[in-house]
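Some notes on the structure that comes next.
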Amino acid sequence: MKDLTEKKIEQSIEDRKRTYRTFFDNVKTYKPFLELEEKTFKDGVLNRRTKELMALSISIVTKCEPCMEWHLDQAIQNGATDEEIFETIDVSIEMGGGQAGAYARFVVKALDYFRNKNESR
């Protein structure tokens, strides 16, 4: 049986896939946002992995669970190690205090979810 976090992660992924076309076709700011995102996260002085870890930290501090799920997955896909992810959580807690610590639990459970998902491939 799936726990609540796993259901939230899967719902977030499904919602993003299901609403992508509607957003793209109807929300005027969505296409420019995607272009900004592409430019922002491409390798530069900072590589994409580092940028995704930065975005993960910001997502924790701002309490955005869909953002946490997305940027964690992107960080993993770009080679982030568990140690880097846990250090990112440390920075989030330092910057965001107790609330960031509480939301970081979602990231820890999501990390397990993505690691298990990747192992089963």
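Read the figures in this text as sums done on the coordinates, not as results from a lab. Please read these numbers as outputs of a predicted model, since none were measured by experiment. We place every Cβ from the backbone using ideal geometry, glycine too, and count neighbours over all the protein chains shown.
Quick notes on this one:
- Mean-square fluctuations from a GNM of the chain, with a 10 angstrom spring cutoff on Cα atoms, peak among 26, 78, 47 at 26.
- Pairs of lysine residues in segment 4-119 - Cα separation under 13 Å, sequence separation of 8 or more or cross-chain: 6
- Magnitude of the charge dipole, segment 14-113, Cβ model with Lys/Arg +1 and Asp/Glu -1, debye to 20: 520 debye
- MRE, 222 nm, helices only [DSSP H, n ≥ 4, -39500 (n - 2.57), over the chain, to nearest 500]: -28500 deg cm²/dmol
- Shape of segment 1-64, Cα gyration tensor, a/c cut at 1.5: oblate
- Order of 30, 20 under a 10 Å beta carbon neighbour criterion, fewest first: 20, 30
- Put a dot 7 Å past the Cα of residue 99, heading toward its Cβ, do the same for residue 117, and the two dots end up 2.7 nm apart.
- When each full DSSP H helix of the chain is screened for a Cα extent of at least 30 Å along its own axis and an average Kyte-Doolittle hydropathy of at least -1.0, the helices passing are 82-119.
- Dipole-positive endmost among 95, 54, 64 within the chain (Cβ charges, Cα centre): 64
- Estimated dipole of segment 49-100 in Debye, rounded to 20 [Cβ of Lys and Arg +1, of Asp and Glu -1, Cα centre]: 220 debye
- Within the listed set 109, 51, 42, the residue fluctuating most in the Gaussian network model of the chain (springs between alpha-carbon atoms under 10 angstrom) is 42.
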